Every structure is written in C-alpha cells, then in structure tokens.
Amino acid sequence: MGFDPKKLLSSKLTGNFVWNAGSMVIAGFSGILMNLIILGFRGEGALGIFNQSMSFFVIVSQLSVFGIQFSVLKQCSWNQNDLEECRRRALAGLVLVSLISAACAGGLALASNGIGVVMKSSHVATGVLCICPGLFFYSLNKVLFMTVNGLNHMRAFAIFNATRFAIYLLAITAFIISGTDSVMLPLSLTIGECALFLFLLIYLQIKVFPLRVRFGSDGFISLCAKHFSFGARGCLSGLLIEANTRTDIIMLGIFCSDATVG
C-alpha cells in the first residue's frame, strides 16, 4: 500500500477531534459536578458565593488577557515550522499579558471590598479576593494554551483543558472534606490555574522550545506592540460575550441574597 496523505490527514484530524471532544465532556461533567457538590454539602449560599466570584473571574479575565492570546495563536500558527520565531512571539505575548493581568488582578483585589458592598455580601468580597492570584495565572495560561494550539499540539491542548477542570473539582472536594470555610471555595480557581501554569511551562520547555527571554535581541517592544494592537481590536467582543453569560448572576447578587443566587 502506498502513502496516502489524505488518509493520514483525515486520521490526524479525527484523532484531534476525539481528544478535544473528550476534553470538553470532562470539562462539562466536572463543572456540573462542582456545582452539585457545593450545593449538596454546603448549600445554596456557598454555591451563590462561588458563582458570583467566578463571574467576576471570567469577566475581568477578558480585560487581563486583552485579546492578546489570539494574536499569539495567529502568529504561532503562521510560523509553525520556525520554533524560534514562535518562541519569540509567544514570550512577547506572555510578558505583555503578565503586565496587564498583574494590574487587573491588583485592581480587582483593591476593589473587592467595594464589590462586597455592592453585592451586599462580605463573603463575596472574600471570594473575589481569593480569585485574584488565579486571575493572573489564568491570563498567562490563555497565552500558553494558544501557543500549544497554534503549534497544533492538539492532544496536549485537550489534556490540559481537561486537567484544569479536574483540578478545580479536586480542590473543591478537598476543601469540603477538610472542613474549610465555604467562603474559601473560590480559592480552588487559583489553585487550579497555578498548577496548570506549571504543567504548561514544563510541557513547553521539554516538548516545544526553551522558555528563555533575550530582551536585547528579540525585539520585544515591536512584538509587544503588534500583539497589543491586534488584541485591542478584539478585546471588547470577548468582554461583551462573557459579560452576557454572567450578567444574570451579578444582577441577582446585587438585588438578592447569596442563597438566592445559589
């Protein structure tokens, strides 16, 4: 039998689809199970605190990553055969996002008490404070995810995506078993993103390219400017999409109790 590139491509595409479909199933199942476990063992109030905190996490993350992950995705996919160029562009995006996300995470931390006043819940204020470090690493992880995606490492992409939600679930379960106060459950998001960041860094370091930054020779300023320009044109759409899916939770939180939100 001769070599059939179409068959090989079809097989690879099918394999990638299966892996990513499986990843989405695990992520969805984990998300449902997280809510059921919190509701079953800690009640509606705890679930309300968790989901309100997560809503701020998801919405602010669109600002903290600023659409730059899509610029990294485009640049890496266009330069798949030049790993050195991909390294330069991925690291430029990572450095830029680290600065923006640090500012956003710090701003959210400073605003946490005010959020608690608006939501009429000091528990939500604590929950928001718990997610701030995770917001920083979540933004970095978005860039790393899109680097893996752009280089067509789709099995790794699927595995890491499933791993994120599995860690969330394990952390929540551990908190409940250990008797940790319900207000600390949003900390599971921070734990998950920190662990995922380490896993992604190790994978890229071993399997893709060494993550070393050479500021003097890599033209970081011009690369960061290109990423920023690209991201600025798409950031608002992502923000509005995520806000649209979370507005109901936040509005309920403003006018109702944590238990009602749950």
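Over the chain, with every protein chain in place, what whole percent of the accessible area is carbon and sulfur at 1.4 Å, could you tell me?
Within the chain, the accessible surface is 70 percent carbon and sulfur.
As a check on your grasp of the helix formula, calculate [θ] at 222 nm for the chain: sum -39500 (n - 2.57) over DSSP H runs of n ≥ 4, divide by the residue count, round to the nearest 500.
Helices in the chain give a 222 nm mean residue ellipticity of -30000 deg cm²/dmol.
Nearest 10 degrees is fine. How inclined is helix 187-203 to the longest principal axis of the chain, computing both from alpha carbons?
Relative to the chain, helix 187-203 is tipped by roughly 10 degrees.
Give the angle, between 0 and 90 degrees and rounded to the nearest 10, that separates the Cα long axis of helix 5-65 from the longest principal axis of the Cα atoms of the chain.
The angle comes out near 20 degrees.
How big is the charge dipole of the chain about its Cα centre, in debye rounded to the nearest 20, if each Lys and Arg gets +1 on its Cβ and each Asp and Glu gets -1 on its Cβ?
Working: 18 positive and 11 negative charges, 155 e Å.
Taking the Cα centre of the chain as origin, the dipole is about 740 debye.
Rolling a 1.4 angstrom probe over the protein heavy atoms, how many square angstrom per residue are accessible across region 1-155?
Per-residue value: 46 Å².
Using +1 at the Cβ of each Lys and Arg and -1 at the Cβ of each Asp and Glu in region 1-151, identify which of ILE131, GLN80, ILE37 lies farthest towards the dipole's positive end.
GLN80
Given 10 °C and 1.306 mPa s, compute D for the chain with the Stokes-Einstein relation, Rh being the Kirkwood radius over Cα pairs; round to the nearest whole µm²/s.
This corresponds to a translational diffusion coefficient of 81 µm²/s.
For the chain, find the longest principal axis of its Cα atoms and tell me its angle to the long axis of helix 220-255, 0 to 90°, nearest 10.
Result, in degrees: 30.
The values are calculated or read from the model by the stated rules, or taken from the named source; none is laboratory data. Because the structure is predicted, anything quoted here is derived from the model rather than measured. Reconstructed Cβ throughout: ideal geometry from the backbone, glycine too, with neighbour counts over all protein chains shown. To get the accessible areas, we keep the full protein, side chains included, count just its heavy atoms, and leave off ligands, DNA and RNA. Shrake-Rupley method; radii C 1.70, N 1.55, O 1.52, S 1.80 Å.
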